[in-house]
1. Take the conditions surrounded by 12 or more Cβ atoms within 10 Å (Cβ to Cβ), charged (D, E, K, R) and modelled with pLDDT under 95 and apply them to Lys76. Does it pass?
2. So Ser32 passes all but one of these: (1) open to solvent by 50 Å² or more (accessible area, probe 1.4 Å); (2) assigned to a helix (DSSP H, G or I); (3) modelled with pLDDT under 90. Which condition number does it fail?
3. Would you check if there is a residue in segment 79-102 being closer than 30 Å to Lys134 by Cβ, loosely packed, with under 13 Cβ neighbours inside 10 Å and either of a type outside the set (A, V, I, L, M, F, W, C) or in contact with a Lys or Arg (Cβ under 8 Å, 6 or more places away or on another chain) (or both)?
4. Closer than 16 Å to Asn26 by Cα and aromatic (Phe, Trp, Tyr): which single residue out of Phe86, Phe114, Phe130, Phe40 fits that description?
5. Of the conditions (1) within 20 Å of Asn68 (Cβ to Cβ); (2) open to solvent by less than 60 Å² (accessible area, probe 1.4 Å); (3) without any contact (Cβ under 8 Å) to a residue 24 or more places away in the chain, Ile17 fails just one. Which one is it?
6. Looking at segment 31-90, which of its residues are of a type in the set (D, E, K, R) and within 22 Å of Lys18 (Cα to Cα)?
7. Being out of contact with any His (no Cβ under 7 Å at 6 or more places or on another chain), open to solvent by 30 Å² or more (accessible area, probe 1.4 Å) and over 30 Å from Ile75 (Cα atoms), is that true of even one residue in segment 114-134?
8. Can you tell me how many residues in segment 51-68 are within 15 Å of Gly84 (Cα to Cα), buried (at least 19 other Cβ atoms within 10 Å of the Cβ) and without any contact (Cβ under 8 Å) to a residue 24 or more places away in the chain?
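The values are calculated or read from the model by the stated rules, or taken from the named source; none is laboratory data. Being a predicted model, the structure only gives us computed values, none of them experimental. Every residue, glycine as well, gets a Cβ built from its backbone with ideal geometry; the counts of neighbours run over all protein chains shown. The accessibility values were calculated without ligands, DNA or RNA, using every heavy atom of the protein model including side chains. Shrake-Rupley method; radii C 1.70, N 1.55, O 1.52, S 1.80 Å.
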Amino acid sequence: MFWLSKIRDLIESNTFIKFCLIGVINGIVGFSIILSLIYFFNINYMISNFLGYIGGIITSFILNKYVNFKTEGRIKAEFPIFIGSFIVAYSVNALVLYSMVELLHQSKLVGLIFASATYTILFYLSSKFFVFIKHQ
């Protein structure tokens, strides 16, 4: 059970808390972009949504890179891995949500809670161990 205690230590670490707070910030940025584009610039909601997500993911990358994990250089290597990690974590999130609601007949709220927790932990672990690696 060594790996369970290791995961628990990572989740309790400062970087996990910062990762979650950065997630709130990037959510606010992304949603602000979406609403601004729709209601102030009258841009199609689908285009606005896409651009908002791009703004949020760029905000998340910058804050996690420089504030949370504090890695230097390597943007060309880190950013594609970050995007890939996001896609994997989001895909697992969707799978968990679908499974909880459609296969296990749980409420949508319960499904969303489990899916969000899974997404957050998976995206954090991939960011810490695959994206923002400090090289000596």
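1. Criteria not met by Lys76.
2. It is condition (3) that Ser32 fails.
3. yes
4. Phe86
5. The failed condition is (2).
6. Lys65, Lys70, Glu72, Arg74, Glu78
7. Scanning segment 114-134, I find at least one residue that is out of contact with any His (no Cβ under 7 Å at 6 or more places or on another chain), open to solvent by 30 Å² or more (accessible area, probe 1.4 Å) and over 30 Å from Ile75 (Cα atoms), so the answer is yes.
8. Final tally of qualifying residues: 1.
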